[in-house]
1. Nearest 5 is fine: what % of DSSP beta bridges in the chain come out antiparallel, could you say?
2. Less than 26 Å apart at the alpha-carbon level, and either on another chain or at least 8 residues along: which lysines does that give for Lys238?
3. Using only the Cα atoms of the stretch 45-279, what do you get for the radius of gyration and for Dmax, in Å?
4. Using the count of nearby Cβ atoms within 10 Å as a rough guide to exposure, how do Leu80, Leu67 rank from fewest to most?
5. Report, as a whole number in µm² per second, the diffusion coefficient that Stokes-Einstein gives for the stretch 80-191 at 4 °C and 1.567 mPa s using the Kirkwood radius over alpha carbon pairs.
6. Just tell me which aspartates and glutamates come within less than 16 Å, Cα to Cα, of Lys3; anything on the same chain fewer than 8 places away is out.
7. If you average 1/r across every pair of different Cα atoms in the stretch 4-160 and take the reciprocal, what Kirkwood value do you get, in Å?
8. What is the dipole size for the stretch 107-155, taken about its Cα centre, with +1 at each Lys and Arg Cβ and -1 at each Asp and Glu Cβ, in debye to the nearest 20?
Amino acid sequence: MFKLTDEQLKTIEDQCFVDTTNDVKYPPLALSFGKNIIQTKTGKIELPVPIGTYGNFSFVQAPPKTLKTYFISLLASVYLSGKNKYGGDIRGYRDDKCLVHFDTEQGKFHAHRTFRRVIDMNGGNDQQCYHTFGLRTISYKHRIQFIEHYLQNKIPKGKVGLVIIDGIADLCNDVNNIEQSNDVVQKIMEWSQLFNCHIITIIHTNHGNSEKPTGHLGSFLEKKTETQIQLHKNSTHKGWISVTCKRSRGYSFEQFSFKIDDYGLPVVITDLYDPLKDFK
């Protein structure tokens, strides 16, 4: 086993020490959906329900054909704009930070179309804050190196906000390799803390079991994530995709659905019919 130097041990001590004499401070929001009423010592307050906070990571799991990339486009567009007509009650808290979007699965044409969708949903605004890369042709080891290089050297210090990696399985050679899977998740956690950003990534679910993310990689993600998001086809409305908070370290956001509109853009469904509306 490689032995750490005294200097390296001191660095770990400084990074990891938790001072319990300080007040507990919740990490700032990156994305939220809806609000929750919280009882405090001074009364009730209404707070946004986190999808993700800075300094943490979350992941989206889903079977094939559940519009995962469209959902990510929806989150990205809201993050850039703060809110828009597509996102319903989703809110983004970008301030002046950047969104960095890595696609590892699609060819250049389809990746370009995905990135362009985000810009179109945001009315063409804030393109200078949106950094996009299609990494399908790069080896998994070089993908990790490039992502780290770009976040470290190409984005001004303190300006990395939201990082999207679609999908995380392409950062290792085998999702069932324990060592590789652990290393990838460790790297995701390291980046989220080092750059004080929120990282969202995507993973497929196991074939035949849509509740379980694939491989040892999925198991490690479940153990370490802030928010685990499940997509599945809506059982009563054809073409709708339901979004569920499967696991959260805080409050879970309420389930919502989205669909693809007539212009091929994802939109959160807000006009649900309530048969009891007139009797309330």
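Since every read-out is calculated from the coordinates, none of them should be taken as a lab result. Worth saying up front: this structure is predicted, and the values here are computed from it rather than measured. A quick note on method: Cβ atoms are made from the backbone with ideal geometry, for glycine too, and the neighbour counts reach across all protein chains shown.
1. Rounded to the nearest five, the antiparallel share is 50 percent.
2. Reachable lysines: Lys65, Lys68, Lys85, Lys212, Lys246, Lys259, Lys277.
3. When restricted to Cα atoms, the stretch 45-279 yields Rg and Dmax of 17.2, 60 Å.
4. On the way: Leu80 24, Leu67 19.
Ascending number of Cβ neighbours within 10 Å: Leu67, Leu80.
5. On the way: Rh = 15.2 Å.
Using the Kirkwood radius from Cα pairs, D works out to 85 µm²/s.
6. Hits, sequence-local ones excluded: Glu13.
7. That comes to 18.3 Å for the stretch 4-160.
8. 260
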